[in-house]
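**Q** A single structure is presented below for examination.
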Amino acid sequence: MNRENMLSNPKETIRVIQENNFTFRKNYGQNFLIDSHVIDKIVAAAEIDDTTEVLEIGPGIGTLTQYLAESAKSVTAVEIDDKLIPILEKTLAGYDNVRIVHGDILKQDINALFEGRRFKIVANLPYYITTPIIMSLLEDRVPADSITVMIQKEVAERMQASPGTKDYGALSLAVQYYCEPYLAANVPPNCFMPRPNVGSAVIRLAIRDNPPVEVKDEKLMFKLIRAAFNQRRKTLANAIKNFEGLSYSREEVETALTEIGLDVRVRGEALSLEEFAALSNKL
Ligand code: SAM
């Protein structure tokens with residue numbers, strides 16, 4: 001399709017919005033892309049070709065979807081806003097490889113949508129539920145190869161952060177346990193309509209076949225991580241003691257820390273994923 005006629009041209013986006021009397025819904029995190037270069041970067045980072053099946057979360061009026069449909073084998077686009085479904089049916093009418101699904105991504109049976117076939121996830125995510133969406137995809141171990149998404153820049157930085165930095169936390173550890181993150185681009189607010197009041201970034205999460213560390217009890221490790229960052233300023237042994245149903249005493253945690261070669265007064269923010277795994281295996 002001629003790019004002038006695509007929705008990435010702001011004039012086209014305005015035309016479609018006005019013709020359909022569409023009003024943006026803030027509570028659905030609606031900030032539509034209006035920059036073809038940014039969309040090219042998303043599609044390139046996602047490494048899509050004509051053999052790729054794509055799951056798009058929140059197609060909006062179909063701006064990114066048009067580009068995905070031109071490169072991919074097929075696109076399944078899940079949109080929550082019922083007002084957008086008739087609009088999508090029109091803006092994507094020229095593509096026979098797009099399937100529009102009306103629903104909440106957090107309630108979809110994603111495996112059923114792909115019937116066991118592998119796929120890649122691509123989205124300009126609604127920022128108000130970025131973390132719940134990504135964590136549910138990872139924890140449910142959906143059979144996707146990668147997740148390439150536009151998210152708030154600050155959240156992208158947290159996903160990539162290393163131990164001991166201010167951005168490092170439970171999200172960094174969870175994302176790095178399941179994926180290898182790669183920051184593909186920083187994106188300013190003027191690439192969206194309406195403009196968000198935060199900076200954005202495109203991040204690619206390549207999903208690992210196997211976690212990089214061996215953990216006997218994943219649930220316990222993530223609970224220790226949550227305890228550690230719930231009370232960042234406490235020593236790890238104090239933070240874990242009596243945290244939400246954990247029954248370890250401070251002394252027990254200190255003994256385990258010593259056995260894995262760490263100082264008893266260490267704080268959680270200093271521990272790497274390997275060290276959290278070692279601690280949970282020890283406990
Ligand atoms: N992909 C479009 C674009 O880039 O122009 C729109 C992106 S906009 C940031 C986020 C989209 O996700 C909106 O269309 C919004 O209605 C949709 N959305 C919000 N919450 C959702 C949910 N729980 N499930 C599916 N879609 C959702």
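FYI, it's all coordinate maths here, none of it is from the lab. Worth saying up front: this structure is predicted, and the values here are computed from it rather than measured. Heads up, the Cβs are rebuilt from the backbone with ideal geometry, glycines too, and the neighbour counts pull from every protein chain shown.
**Q** So how tilted is helix 130-139 from the main axis of the chain? Cα-based, degrees 0 to 90, rounded to 10.
**A** 70 degrees
**Q** Sort 157-167, 140-150, 59-69, 244-254 by packing, meaning the average of other beta carbons within 10 Å per residue, with the highest value first.
**A** Details: 157-167: 15.7, 140-150: 19.3, 59-69: 26.2, 244-254: 14.2.
Going by the mean number of other Cβ atoms within 10 Å, highest first, we get 59-69, 140-150, 157-167, 244-254.
**Q** For an R0 of 51 angstrom, estimate the FRET efficiency from the Cβ-Cβ distance between N281 and E70 and round to the nearest 0.05.
**A** According to the calculation, E is roughly 0.60.
**Q** If packing is taken as the mean number of other Cβ atoms within 10 Å per residue, what is the order of 37-47, 271-281, highest first?
**A** Ranked from most to least packed, the peptides come out as 271-281, 37-47.
**Q** What spacing in nm lies between the two simple spin-label points modelled at N197 and E214, each 7 Å away from Cα in the Cβ direction?
**A** 5.1 nm
**Q** Now for a separate question. Using 0.36 nm per residue of separation minus the Cα-Cα distance, give me the extension gain between N97 and E180 in nm, one decimal.
**A** Length gained, N97 through E180: 26.9 nm.
**Q** Above 36 angstrom, tally the Cα pairs of the chain and express them as a % of all pairs, no decimals.
**A** 25 percent
**Q** Taking only DSSP H segments of four or more residues, each worth -39500 (n - 2.57), what value at 222 nm results for the chain once the sum is divided by all its residues, to the nearest 500 deg cm²/dmol?
**A** -10500 deg cm²/dmol
**Q** Return the Cα extents of segment 131-264 along principal axes one, two and three, sorted largest first, each rounded to a whole Å.
**A** 54, 32, 26
**Q** Between A270 and T255, how many nm apart are label points set 7 Å from Cα along the C-beta direction?
**A** Result: 2.2 nm between the two label points.
**Q** Return the whole-Å distance between the Cα centroid of segment 1-20 and the Cα centroid of segment 249-274.
**A** Centre-to-centre (Cα) distance: 56 Å.
**Q** I've got another one for you. On a 0 to 90° scale, report how tilted helix 273-282 is relative to the longest principal axis of the chain, with both axes built from alpha carbons and the result rounded to the nearest 10.
**A** 50 degrees
**Q** Would you kindly state how much longer the chain becomes between E19 and N5 on full extension, computed as 0.36 nm times their sequence separation minus their alpha carbon distance, in nm to one decimal?
**A** 3.5 nm
**Q** So which aspartates and glutamates can K26 reach, going by Cα to Cα under 18 Å and dropping same-chain residues fewer than 8 places off?
**A** Hits, sequence-local ones excluded: E79, D81, D82, D104.
**Q** Between S36 and K90, what is the spin-label point distance in nm, taking each point 7 Å from the Cα along the Cα→C-beta axis?
**A** Using points 7 Å along Cα→Cβ, the separation is 2.3 nm.
**Q** Let me ask something else. Within a 10 angstrom radius of the beta carbon, how do L88, L125 rank from fewest other beta carbons to most?
**A** The fewest-first ordering by Cβ neighbours comes to L88, L125.
**Q** By how many nm would the segment from E244 to N230 grow when fully extended, if each residue of separation counts as 0.36 nm and the alpha-carbon distance is taken off?
**A** 4.0 nm
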